[in-house]
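Scroll down for the structure; my scribbles are underneath it.
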Amino acid sequence: MNDTSAVPAWAGAVAGLVAGAVGLGVAQVLAGFVNPASFPVVAVGDAVVDLSPAWLKDWAISTFGENDKTVLVAGVFVVLALAAAALGVLSRTRLAYGRAGFAALGVVGAWAVLTRPSAGPFDVLPAAVGILATVGALGWLLRRAAAPGEPALSSPTDQGVFDRRRFLTGAVGGTLVAGAGTALGRAWSGGSQVEQARQAVPLPRAAAPASALPAGADLKLPGLSPFVTPTADFYRVDTALLLPRIEPAQWRLRIHGLVDRPVELSYDDLLKRPLTEADVTLTCVSNEVGGPYAGNARWLGVPMAAILKEVGVQKGADMLLSTSHDGWTCGTPLDVVTDGRDALFAVAMNGEALPIGHGFPVRQVVPGLYGYVSATKWVVDLKVTRFDADKAYWSTRGWSEKGPIKTQSRIDLPRNRANLAPGRTTIAGVAWAQHKGIDAVEVRVDGGPWRQARLAEVPGPDTWRQWAIDWDATAGEHTIEVRATDSTGYTQTEQRASPAPDGATGWHTVTVSVD
């Protein structure tokens, strides 16, 4: 049955949405062949990340945590959906208006793709062909909306008769095309092949294995962070909207700059070298006092200092500028990497090849520095240089250049705002001061005297340390505070400071009710 009214606004909106979805599906397919990072939505999201001020990124991390990238991508899709619906409504009056609007969106997508550091000449194809598919689908849907024998609805809508059935069947067909394109594009993006290659990596035994963990390294208290963070629970904070998926056979690490003998290493080259195993806690500079962005793992990799010695670092160099596969850069103090600590080009984490989300095939692990100046994932380039000659991603956005980790402690038990029963209870948590080590942890309740907590054993100064203390809880509301002292004799300050520009400070405090 034909509706004798002009094309309604809802149909125009549906036409715009379906046409936009078709274009994104086509773009996804092409991106699967060309480069997954050339998918326009990802490129636009990456551009938003790069152009956002530091305070906005800090807010996103503190508000959404590790879901910040998911929220951003969802936001891009929402904006595109609203724009597509509006352009579909506008196209009811004149199809050229909608086509022009979608073309403008295509230009934005192409610009975002071409501004990516690793963009190639063909990376613009998904955006370009996707927009052509969008404008084609839009015209086709509006033509289907015209009843047979009626004029096409590219002119004012009051000149045509709307055919609801033909329009809706066309919209369903377009949706199926969009869904198929999205599924095929994801299947062809190479993610599953890289994961299979990762799982098949034959990890060599360490030439310098880590010693067995001390028997008392883990207090094994329910709710207390385990000494070794399970890989699946290890925090992830980075700028990558789309995880780089690199075949190990294609990975290369170029080392150049102020060196006597530049070199390019393959994945096999690294695996053939003597490997070192080390227990190291990593911490993100975005971590608030008491926050979750710290984790401890056993890493396996090639000592960075050994490779730097081979290439011959020239006099005057003081910084290593490392670059991730996705173009992110990191500036690491050279003296920290070469002072004898276990700074690694890591290939494994907790006994398995690095997960893709944690840098497979290779990442940096440097004890004692916040991740933004030390822990480059998917590392493919290392330039030996100077701090006064090169700047890294975060140092150009207001963060300090060298980023030594600050002595910190956290209360895991009891949780903030917990309700406890009166009587003996355990207060417990973790403290860290990589590459110095924790010598003491003190706890006080309601501003009373500081009491020494008992400390778990640790294999060395580069990991966090569990602590615990017993408390006879009495009825009422109570405030619990913790502070740590490192091996240099420094006791963490009470003064609160936000993470920017060089890490948060202050005592972690929780409030509990006992009744």
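The values are calculated or read from the model by the stated rules, or taken from the named source; none is laboratory data. Since this is a predicted model, take the numbers as computed values, not measurements. Cβ sites come from the backbone with ideal geometry, for glycine too, and all protein chains shown count toward neighbours.
Structure notes:
- Region 184-226: number of residues that are in a helix (DSSP H, G or I) and exposed (fewer than 14 other Cβ atoms within 10 Å of the Cβ): 5
- Residue among P367, P361 that is part of a loop (DSSP other than H, G, I, E, B), closer than 20 Å to A305 by Cα and in contact with a strand residue (DSSP E or B) (Cβ under 6 Å, 6 or more places away or on another chain): P367
- Residues in region 227-237 that are in a loop (DSSP other than H, G, I, E, B) and surrounded by fewer than 16 Cβ atoms within 10 Å (Cβ to Cβ): P230 alone.
- The set of residues in region 381-429 that are among the hydrophobic types (A, V, I, L, M, F, W, C) and in contact with a strand residue (DSSP E or B) (Cβ under 6 Å, 6 or more places away or on another chain) comprises L382, V384, F387, A392, I405, I411, L413, A418, L420, I427, A428.
- Applying the set (1) farther than 30 Å from A208 by Cβ; (2) in a loop (DSSP other than H, G, I, E, B); (3) at pLDDT below 95 to K402 leaves exactly one unmet item: (1).
- Consider region 314-331 and keep the residues that are crowded, with 20+ Cβ neighbours inside 10 Å and modelled with pLDDT of 95 or more. The one that is nearest to P361 (Cα to Cα) is S324.
- Search result, residues across region 408-441 that are of a type in the set (G, A, S) and farther than 18 Å from T474 by Cβ: S409, A428, G429, A431, A433, G437, A440
- When region 273-306 is filtered for residues that are of a type in the set (K, R) and without any contact (Cβ under 8 Å) to a residue 40 or more places away in the chain, only R273 remains.
- Test for A60: is it at pLDDT 80 or above and assigned to a helix (DSSP H, G or I): no
- Within region 33-56, the set of residues being buried (at least 18 other Cβ atoms within 10 Å of the Cβ) and among the charged types (D, E, K, R) comprises D46 only.
- Residue in region 18-40 that is at pLDDT 85 or above and either within 30 Å of P499 (Cβ to Cβ) or not in a helix (DSSP H, G or I) (or both) present: yes
- Selection status of G75, buried (at least 21 other Cβ atoms within 10 Å of the Cβ) and either assigned to a helix (DSSP H, G or I) or touching a residue at least 40 places away in the same chain (Cβ under 8 Å) (or both): no
- The set of residues in region 155-180 being touching a Ser or Thr at 6+ places or on another chain (Cβ under 8 Å) and either modelled with pLDDT under 55 or in a helix (DSSP H, G or I) (or both) consists of P156, T157.
- Flag if P126 is at pLDDT 90 or above and either closer than 18 Å to S38 by Cα or under 26 Å from the mean Cα position of the chain (by Cα) (or both): yes
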